[in-house]
Amino acid sequence: MRKLAAALCLLSLSCEESPSLPGMGLDLRVRVHDAQLQRGALPSEDGGPSVTQILTPQIGVRRGEGTVQLGGRLGDGGVSLLIHGVGDDDHWQVAPSGFDFVIANELLFGTELEFSHAIDTDTLEVELQAVDETGRAGAITSATFELQADVPPAELLVSLGWDAPVDLDLHVELPSGVIVGAKNINAFEPTPGVQPPPDGATLGGYHDYDSNQQCSLDLRNRENVVWQVTPPPGRYRVYAELYSACDAAAVNFEATALQGTESLADSGGTLYAFDAREHARAGEVPGLLVLEFEVE
């Protein structure tokens, strides 16, 4: 019990040498669920405890994937875990999840990782480091993840991700005024009287998946609108609509737009349960405007 109390102390502002950073770490390549963002890379080893086990049942990950499991054990004296995506400016701090009743004096940890759409390498190393109740850090160990090819490949990708089990919908307004999202899943408009081609579904920007639809929770917590062809030039607007809070009090979200590997825009925010009370009617904007960007 004392070790768990020390872990909670390390995660509180009153116990840290420097306070947790505000924000969601939207600029980082690796984000960690239920963790606190901390400034800088991992500290130097100074005789602290070790991470004695790392469990990564999923080595191959996709950019934008947000539920990658990471677990393991902290060695004797460890009360907190630090996690850092190599190449990121800052790192994360996670509390252990409980005692290991098989190996005495060790604590278990378990969390989920999210991998950014902006990762431009084929592999990514995630570093882990245990800390004791005095703040001494142990040796750094690591797990390497293989980034699978983005599916589908995109000339333009607009993505909305979030961190709570809610029905949050992505809508993208094209320069023409057409809105693509759960209610209109494709921007391709066939010519009247002409049989559409068999690949017509991929000829315009299309909405890939309606996550957590009507609170039937799949926990993907991400929706994309994808162009596999050259997107039309002009100004795009991106909206996030909280269709239903599904009994959650609030949800944090992030939206990003990528043209090839180039980031066009990104932003994040928070929606609350009361934001789901009214839904857009015909002619109204579909939710909260979260991004605007230009395609040349």
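The values are calculated or read from the model by the stated rules, or taken from the named source; none is laboratory data. What you see is a predicted model; the values in this text were computed from it and never measured. Note: ideal-geometry Cβ built from the backbone for every residue, glycine included; neighbour counts use all protein chains shown.
A few points about this structure:
- Cβ-Cβ distances below 8 Å connect the following pairs, each with a first residue in the range 178-189 that is of a type in the set (Phe, Trp, Tyr) and at pLDDT below 85, a second residue that is part of a strand (DSSP E or B) and crowded, with 18+ Cβ neighbours inside 10 Å, and a separation of six or more residues or different chains: PHE188/TYR206.
- So ALA137, is it more than 15 Å from the chain's Cα centre (by Cα), modelled with pLDDT of 95 or more and crowded, with 18+ Cβ neighbours inside 10 Å: yes
- Looking across the range 159-176, the residues that are over 20 Å from LEU258 (Cα atoms) and in a loop (DSSP other than H, G, I, E, B) come down to ASP163, ALA164, PRO165, VAL166.
- Test for TYR243: is it assigned to a strand (DSSP E or B) and surrounded by fewer than 23 Cβ atoms within 10 Å (Cβ to Cβ): yes
- Total residues in the range 92-125 satisfying the condition of being part of a loop (DSSP other than H, G, I, E, B) and within 30 Å of GLU262 (Cα to Cα): the figure is 7.
- Checking each residue in the range 119-134 for being surrounded by fewer than 17 Cβ atoms within 10 Å (Cβ to Cβ) and touching a Ser or Thr at 6+ places or on another chain (Cβ under 9 Å) picks out ASP120, THR123, GLU125.
Let's see how each residue does on (1) in contact with a Lys or Arg (Cβ under 7 Å, 6 or more places away or on another chain); (2) crowded, with 17+ Cβ neighbours inside 10 Å; (3) in a loop (DSSP other than H, G, I, E, B); (4) modelled with pLDDT of 80 or more:
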{"site": "LYS3", "(1), (2), (3), (4)": "no, yes, no, no"}
{"site": "GLY23", "(1), (2), (3), (4)": "no, no, yes, no"}
{"site": "ASP46", "(1), (2), (3), (4)": "yes, no, yes, yes"}
{"site": "ILE54", "(1), (2), (3), (4)": "no, no, no, yes"}
{"site": "GLY64", "(1), (2), (3), (4)": "yes, yes, yes, no"}
{"site": "ASP76", "(1), (2), (3), (4)": "no, no, yes, yes"}
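- Complete set of residues in the range 132-158 that are within 30 Å of GLU45 (Cβ to Cβ) and assigned to a loop (DSSP other than H, G, I, E, B): ASP132, GLU133, THR134, GLY135, ARG136, GLY138, ALA139, ILE140
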